[in-house]
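Below is one structure, written out as structure tokens; the observations come after it.
The values are calculated or read from the model by the stated rules, or taken from the named source; none is laboratory data. None of these values were measured; they are calculated from a predicted model. All Cβ positions, glycine included, derive from the backbone under ideal geometry; neighbour counts span all protein chains shown.
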Amino acid sequence: MVAMLRPRSGPAQWVISEHYDLQPWAPVDEYADGYGNLCQRLVVPQGQMQVRVEVVMEVEDDIAVAPDAPMTPITELPADVLHYLLQSRYCPSDMMLDQALTVVGRTAPGYAQVEKIRAWIHDHLEYRYGVSTASTDALDTLEHGAGVCRDFAHVGIGLCRSLQIPARMVVGYLHGLEPMDLHAWFEAFVGGRWYTFDATQDAPRGGRIVLAYGHDAADVAFISDYGLQPLQLDDMHVEVALADEDKPQPDSGQDDPGGE
């Protein structure tokens with residue numbers, strides 16, 4: 001399997017300390033994929049295995065906002081950003097232009113358009129479990145009128161790309177998210193840099209730990225299983241707390257050694 005469970009240091013976050021434990025132990029080959037995400041490749045031993053990751057991170061309390069940031073001309077996009085204009089498996093942006101123009105109306109190109117898209121998704125799509133599956137794309141979500149964070153991000157990415165605004169998928173953690181779990185949002189490149197947009201929230205929120213970037217969910221799975229016998233996830237526990245908060249200790253997992 002290949003796991004994406006280790007965040008990297010960067011402009012918006014810094015790894016202070018981390019602990020990565022496998023029970024039973026197995027050799028791990030770590031590499032950075034084409035998006036710069038840290039990937040851990042290993043052969044899972046037969047039987048049960050527990051993966052425990054604990055990280056202390058320094059992150060931004062507030063995300064940057066720039067209502068007047070203009071659209072970055074395609075001729076000025078960095079080479080490593082240009083490919084985020086392409087349609088992808090879950091974001092068929094080549095078929096979403098009419099919807100995007102309806103959403104943004106006469107809004108000025110750039111950050112304001114992306115914010116209009118984010119707000120429209122928040123106001124018009126229902127956050128609901130059980131509507132989407134592993135094959136649901138942005139067009140399906142628009143048709144269903146509902147989905148979860150991954151689906152909201154796909155719609156935002158597809159609408160942005162149809163307007164020639166580079167956009168990418170982000171997965172990670174959001175402090176204060178209820179119920180706590182892995183979370184997904186999107187970033188758009190306007191005004192010469194990436195900005196964060198989260199259609200599940202009604203206002204900008206910081207306290208985010210980024211695990212991975214990609215074109216869509218196909219690039220950012222936290223576990224990719226390539227075995228002949230599929231892995232079964234028995235249990236997963238996610239907790240995000242401020243460093244100075246009293247943090248309850250998770251169960252040792254000795255009685256229920258599932259994935260964590």
**Item:** Within region 76-130, considering residues that are hydroxyl-bearing (Ser, Thr, Tyr) and part of a loop (DSSP other than H, G, I, E, B), the one surrounded by the fewest Cβ atoms within 10 Å (Cβ to Cβ)
**Value:** Tyr129
**Prompt:** Only one of these conditions is not met by Pro11: (1) closer than 26 Å to Gln113 by Cβ; (2) surrounded by fewer than 11 Cβ atoms within 10 Å (Cβ to Cβ); (3) at pLDDT 95 or above. Which number is it?
**Reply:** (3)
**Message:** Taking the conditions exactly as written (out of contact with any strand residue (DSSP E or B) (no Cβ under 7 Å at 6 or more places or on another chain), of a type in the set (D, E, K, R) and outside any helix (DSSP H, G or I)), does Arg168 satisfy them or not?
**Reply:** no
**Prompt:** Which of the residues that make up region 45-64 are exposed (fewer than 14 other Cβ atoms within 10 Å of the Cβ) and of a type in the set (Val, Ile, Thr)?
**Reply:** Val56
**Asked** Can you name the number of the only condition in (1) over 22 Å from Val170 (Cβ atoms); (2) free of Cβ contacts under 8 Å to residues at least 60 places away in the same chain; (3) surrounded by 12 or more Cβ atoms within 10 Å (Cβ to Cβ) that Glu18 fails?
**Response** (1)
**Fill in**
Just one listed residue, out of Ala119, Ala134, Ala146, Ala138, is within 19 Å of the chain's Cα centre (by Cα) and at pLDDT below 95, and it is Ala134
**Message:** Which residue is farthest from the chain's Cα centre (by Cα), if the candidates are limited to region 164-186 and must be crowded, with 20+ Cβ neighbours inside 10 Å and within 15 Å of Leu82 (Cβ to Cβ)?
**Reply:** Ile165
**Prompt:** Pairs under 7 Å by beta carbon, first residue at positive phi and of a type in the set (Lys, Arg) in region 33-54, partner crowded, with 17+ Cβ neighbours inside 10 Å and assigned to a loop (DSSP other than H, G, I, E, B), six or more apart or different chains?
**Reply:** none
**Request:** Mind counting the residues in region 6-53 that are under 30 Å from Arg205 (Cβ atoms) and either outside any strand (DSSP E or B) or polar (S, T, N, Q) (or both)?
**Result:** 14
